[in-house]
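Written below as structure tokens is the structure these notes are about.
The values are calculated or read from the model by the stated rules, or taken from the named source; none is laboratory data. Since the structure is predicted, the reported quantities are computational estimates derived from the model, not experimental observations. No Cβ is skipped: glycine too gets one built from the backbone with ideal geometry, and neighbour counts run over all protein chains shown. Note: accessible area is taken over every heavy atom of the protein model, side chains too, but ligands, DNA and RNA are not part of it. Shrake-Rupley method; radii C 1.70, N 1.55, O 1.52, S 1.80 Å.
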Amino acid sequence: MSVSATERPTRIVVDLDRIAGNLERIRAHVRVPVMAIVKANAYGHGLVPVARHLEASGVERLGVAFVEEGIALRRAGIRVPILVLGGIFGPQVGQFIAHDLEVTVSSVEKLRQVEAAAQALGRRAVVHLKIDTGMERIGVHEYSAGPFIEAAVASRWCRIEGVYSHLACADDPDSPMTALQLERFLEACAHFDRIGAPMPLRHLANSGGVLHFPGTHLDLVRPGILVYGVMPDPASRPTIVVEPALSLVSRVVYFKVVRAGRTVSYGASWTAAADTRVVTVPLGYGDGYPRALSSRGRALIRGGSHPIVGRVCMDQFMVDIGSASAWNEDEVVLIGRQGTAGITVEALAAAAGTIPYELLTGFNERIPREYVGGNATAA
Ligand SMILES: *Cc1c(COP(=O)(O)O)cnc(C)c1O
């Protein structure tokens with residue numbers, strides 16, 4: 001990591017080659033096309049650079065949550081098909097069509113909104129029908145899917161590219177919920193055959209489905225977190241070996257000796273039992289580094305793993321290095337490897353009492369992203 005005089009010493013380093021490698025391994029495992037999910041700033045890794053590298057690596061499709069994310073990708077010149085997964089907000093429908101984004105249609109009423117917008121623009125909308133098989137989030141229940149599918153098939157202004165549902169429990173390989181959802185989904189899809197309509201792309205598998213339930217792979221898979229090299233859940237089985245793409249690094253900005261009996265940080269929640277060396281790191285919950293890691297997180301400095309002591313502040317926290325040595329400007333690793341030591345996203349999320357998804361997407365724009373690998377496609 002180079003130290004620039006103009007940027008914060010704290011940064012997220014994303015290895016694009018690892019993202020491409022993970023995509024390759026997922027692809028080899030599922031043997032169907034992949035829609036890589038890049039919502040929420042590509043799970044904190046940076047929307048446009050990651051999407052650009054995935055496109056260069058041959059991903060068939062991309063998925064985002066909101067139309068704004070899709071528009072940002074189109075403005076950056078991304079050309080692969082992009083599906084917006086979220087529920088549509090009526091007044092925005094025209095934006096999907098204007099930017100060549102595929103729309104999730106989750107009710108007959110939404111279908112009518114999309115048709116009206118498409119007709120007004122004189123361009124057919126490309127849609128994926130959303131079936132609710134157990135999430136109870138968005139979509140038409142599988143037991144009501146018949147009339148919904150018929151209305152969509154009859155629509156002059158919508159081209160049905162896909163039909164999909166979302167799994168609630170696939171990160172747990174032992175949950176019976178996934179088989180039930182698959183059965184309900186296939187029953188809904190069968191309606192296309194019953195009415196003699198062409199079968200669109202059927203897709204169901206998130207990362208958990210990709211890892212644990214081959215029956216859910218169908219015509220297309222939608223992995224998110226696995227693309228970034230992170231397991232969806234501690235119970236997940238590594239049927240595909242992926243490598244984490246993200247590191248979070250900072251630098252020591254202050255060194256001091258804290259005398260026995262003195263307390264550290266807000267609330268004076270940690271007291272030095274003996275004289276000890278403490279360094280200050282310029283990263284805090286204002287960057288998305290969870291305050292829940294107060295006196296729980298760890299930092300790697302000079303190859304050693306040391307505890308965060310006292311409360312994590314908005315912009316800084318303190319690390320007790322005991323009798324070890326450290327100097328100002330020394331590298332501090334919060335996620336990733338340093339020498340033989342390492343801190344994984346999974347372990348850090350567990351220490352913070354959250355899940356890798358929330359931890360990763362919480363890192364905000366205040367932390368500069370640096371890209372390595374990928375032949376600098378992300379410059
Ligand atoms: C977020 C999301 C995914 C990806 O989920 P992962 O668990 O990260 O693989 C897939 N499909 C839908 C509809 C989603 O919202």
| note | For region 274-346, averaging the sequence separation of alpha carbon pairs under 8 Å that lie six or more residues apart and dividing by its residue count, the contact order in percent is 34
| remark: Checking Gly46, Gly224, Gly310 against a Gaussian network model of the chain (alpha-carbon springs below 10 Å), the top fluctuating residue turns out to be Gly310
| message | Show me, for region 248-260, the HN-Hα J-couplings you get by feeding each phi into the Karplus relation (A = 6.51, B = -1.76, C = 1.60, θ = phi - 60°), rounded to Hz, glycine and proline as x. | response | 10, 10, 9, 9, 5, 10, 7, 10, 7, 9, 9, 6, 3
| task | Straight distance only, please: which lysines reach the Cα of Lys110 with their own Cα at less than 23 Å, same-chain residues fewer than 8 apart left out? | result | Lys39, Lys130
| Taking the Cα centre of the chain as the origin, how large is its charge dipole in debye, to the nearest 20, when only Lys and Arg (+1) and Asp and Glu (-1) carry charge on their Cβ atoms? | 660
| message | Test of the criteria: in region 261-349, which chymotrypsin sites (Phe, Trp or Tyr not before Pro) are in a DSSP loop and have at most 13 other Cβ atoms within 10 angstrom of their Cβ? | response | Trp327
| message | Which order do you get for Arg61, Arg156 if you rank them by accessible area with a 1.4 Å probe, largest at the top? | response | Arg156, Arg61
| request: Decide, for region 1-114, between rounded, prolate and oblate: order the square roots of the alpha carbon gyration tensor eigenvalues as a ≥ b ≥ c, take rounded if a/c falls under 1.5, and otherwise choose prolate if a/b is larger than b/c, else oblate. | output: oblate
| Gaussian network model of the chain, Cα within-10 Å springs - most flexible of Gly63, Gly303, Gly134 | Gly303
| query | Do you know the relative contact order of the chain, to the nearest whole percent, from alpha carbon pairs under 8 angstrom that are 6+ apart? | reply | 18
| remark: Connecting every pair of Cα atoms under 10 Å apart in the chain and solving the GNM, the largest mean-square fluctuation among Pro223, Pro198, Pro173 falls on Pro198
| field | Accessible area, probe 1.4 Å, largest first, for residues Leu85, Leu211 | value | Leu85, Leu211
| task | Could you please put Met35, Met199 in sequence from largest to smallest accessible area, using a 1.4 Å probe? | result | Met199, Met35
